[in-house]
Each structure stands twice: as structure tokens, then as C-alpha cells.
1. Have a look at Gly211, Gly199, Gly215, Gly236 and point out the one that is under 25 Å from Phe122 (Cα atoms), small (Gly, Ala, Ser), surrounded by fewer than 17 Cβ atoms within 10 Å (Cβ to Cβ) and modelled with pLDDT of 95 or more.
2. Run down Ser79, Ser62 and say which single residue is open to solvent by 30 Å² or more (accessible area, probe 1.4 Å) and in contact (Cβ under 8 Å) with a residue 12 or more places away in the chain.
3. Looking at Gly285, is it modelled with pLDDT of 95 or more, under 17 Å from the mean Cα position of the chain (by Cα), open to solvent by less than 70 Å² (accessible area, probe 1.4 Å) and within 17 Å of Asp65 (Cα to Cα)?
4. Could you tell me whether any residue of segment 91-107 is buried (at least 18 other Cβ atoms within 10 Å of the Cβ) and among the aromatic types (Phe, Trp, Tyr)?
5. Which is surrounded by fewer than 24 Cβ atoms within 10 Å (Cβ to Cβ), at pLDDT 95 or above and not acidic (Asp, Glu), of Leu191, Leu256?
6. Select, from Ala127, Ala142, Ala135, Ala103, the only residue that is touching a Gly at 6+ places or on another chain (Cβ under 6 Å) and either modelled with pLDDT of 95 or more or aliphatic (A, V, I, L, M) (or both).
7. If you scan segment 117-167, which residues turn out to be assigned to a loop (DSSP other than H, G, I, E, B) and either open to solvent by less than 10 Å² (accessible area, probe 1.4 Å) or under 21 Å from Thr280 (Cα atoms) (or both)?
8. Taking segment 268-282 only, how many residues are open to solvent by 40 Å² or more (accessible area, probe 1.4 Å) and either at pLDDT below 95 or aliphatic (A, V, I, L, M) (or both)?
Amino acid sequence: MRLATFTHQGLRGCGVVSGDAVLPFPGGTVLLDVIRTGDLPATGEPLPLAGVRLLPPVEPPSVRDHVTFEEHVEGVRKSVDGRGGVPDAWYDAPTFYFSNPYALIGAHDDVPVPPGCRAFDFELEVAAVIGKEGADLSPEQARDHIYGYTIFNDWSARDLQSREMQVGLGPCKGKDTATTLGPWLVTADELEPYRDADGFLRLTLSVSVNGEEVGRDLLSNMAWTFEELAAYASRGARIRPGDVLGSGTCGNGGCLAELWGRNGRQDPPPLQVGDVVEMTVEGIGTIRNTVVPGTSPLPLPKARIRPQENPR
């Protein structure tokens, strides 16, 4: 089943996607409530998908973005900080950072260039959406806590990211402006036929810029399964309905920075205003966003070096 959140004639709604239409739930229904309860409301008369604006399927309490593709780590590390190889610590566990749950955009929305960014990039990912609360889960237990999957584009300001992460924190403003989720949420049962013998979802992912394919990979090249991501996220913490767990960016051109690291130069070039980025994931669908001008950064002073005084 495919579940979408949308606006139609100025009103927000959600419902079941069927063919080229969406069957709306009763007015006032929120998809996150449907996920929490597991109850599927009755649907009304179909609305053509062409006549609605698709929003991010859920408003998540939190967004964790993991990094699970070895090829991506190797290429981006070379691009961002100039070092080759993969850190030994990467192999220990599916590391993640918390992204901004208030910066989500829909499947076909415009995306502004972050203030001050001159090296704008996309990141092709899939995200799992949690359907049931839990803590300290095993991977086997975690499978029952994943409600469904959606496409995840982690837009990245690479120049800002590179500078900020020299402090030892981040990505900070390098990934704070926009994340695309969509086009809808596909329930986990729909993707079970794609699961391989090792528990990975064997889905083809591709991304193009202005109609020219830049990257293509298999989701099953992840180093950890989504159940293992959910288990790690729940370690000493609680995951809740609506929480989003990103797979991390795929390899083989899943983002420009990976290719920059491999090529030793910004080739292909960073995204420019007017560029159209399209991502397709087998079994889920397609998202398509256009890059538009952003705002200029308002000036902030550099750090004041304060005299060190001992408290009395």
C-alpha cells in the first residue's frame, strides 16, 4: 500500500495512492496517526494525482541519517577533507547524525540553494519510517517496528559542510536547509518480495540531473539492513512512530561529492539554479525537484577571543 500526504484546493489531506489517483481519508486525518494506530480509515472519492501537491508523507519527530555505503564514504571523505580510504570506526556500527525535521520538502517542491553555498549537492537514499515505539531492540524485533519506506534526498552544501566539520562537529549548516521525502510512504509488506537471502532490499536506485543519469546503485549494497539501523538507533534510546531512518547515500554516483573525490575535481559540477534533480527507486517511485535561488547569508561576526579570567 502507498500512503500520501498532500494539499488539494488549499486543504491538507492524506490517503491511499491507487494508480494515478489518491483515495483521501476523512478530513482532518493525519498520516502519522494512521501509522500510530494501525487503523486504516475509510476512503473517499479519488483525486487525480496530477491535481494535488505531494507533501512529505510524515512530519517525523526525528530524522536520523545513517551512512551505510562503503563506496560513498570513501569518495566523499576524499572530497570533503582530502583523506582517502574509509575510517576503521565506520565498520563498527551504522553511524548517524540527526537531520532537521523542520526542513522537509515534498516530492516535486523547489529547493533553494543554502545561504552562502557554492557547492550544492544531492544525496540519493531510501528511508525507513518507524511505526511502533521501542527501545533496545534486537534486529529481529526491529523488523516489526518498521512501517514503511520512502525516498530520501539529503541535500548538502558541501563547502559549508567541509569547513564546519573541521571543528569536529557537523554537518551543521551543511545539511540544514532541505531534505526531500516522497513521493509517498510504501508499506513494508509491499517491498518484501525484494528482500534477498541476507535480509537486504534489492532495489535499483538512480539519479539524474537535467535528464542525464549521474548515479545508479542497488539498495542491497548497504553494509547494514534497515532492521539493524533501527536496532542501533534504539540502543539506550526510544524510537517512536514517524521517526525517519535514512540509509545513507548510495555509491556509484549517489551524490556529486563522491564523484568529486574520485575524479580529483568538481566534475560533474555543483548544482546550479535551474537544475532538475530526479531520483527513482524501484518499488517506491520518483521524486523530482528544481534548484531555485536561495537567500544571501546575513553577516555574523567571527569569534571574539575573550581574556581568560578565573572565577572568584
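The values are calculated or read from the model by the stated rules, or taken from the named source; none is laboratory data. Bear in mind that the values here come from a model prediction, so they are computed numbers and not experimental data. Here the Cβ is made from the backbone with ideal geometry for all residues, glycine too, and neighbour counts use every protein chain on show. Note: accessible area is taken over every heavy atom of the protein model, side chains too, but ligands, DNA and RNA are not part of it. Shrake-Rupley method; radii C 1.70, N 1.55, O 1.52, S 1.80 Å.
1. Numbers: Gly199 fails: under 25 Å from Phe122 (Cα atoms); Gly215 fails: surrounded by fewer than 17 Cβ atoms within 10 Å (Cβ to Cβ); Gly236 fails: under 25 Å from Phe122 (Cα atoms).
Step by step, each of Gly211, Gly199, Gly215, Gly236 is checked, and only Gly211 is under 25 Å from Phe122 (Cα atoms), small (Gly, Ala, Ser), surrounded by fewer than 17 Cβ atoms within 10 Å (Cβ to Cβ) and modelled with pLDDT of 95 or more.
2. Ser79
3. In short, no.
4. Among the residues of segment 91-107, at least one is buried (at least 18 other Cβ atoms within 10 Å of the Cβ) and among the aromatic types (Phe, Trp, Tyr), which makes the answer yes.
5. Details: Leu256 fails: surrounded by fewer than 24 Cβ atoms within 10 Å (Cβ to Cβ).
Just one listed residue meets the conditions, Leu191.
6. On the way: Ala142 fails: touching a Gly at 6+ places or on another chain (Cβ under 6 Å); Ala135 fails: touching a Gly at 6+ places or on another chain (Cβ under 6 Å); Ala103 fails: touching a Gly at 6+ places or on another chain (Cβ under 6 Å).
Checking each option against the conditions leaves just Ala127.
7. Going residue by residue through segment 117-167, those that are assigned to a loop (DSSP other than H, G, I, E, B) are 117-119, 122-123, 131-133, 136-138, 155.
Answer for segment 117-167, where residues must be assigned to a loop (DSSP other than H, G, I, E, B) and either open to solvent by less than 10 Å² (accessible area, probe 1.4 Å) or under 21 Å from Thr280 (Cα atoms) (or both): Ala119, Phe122, Glu123, Trp155.
8. 1
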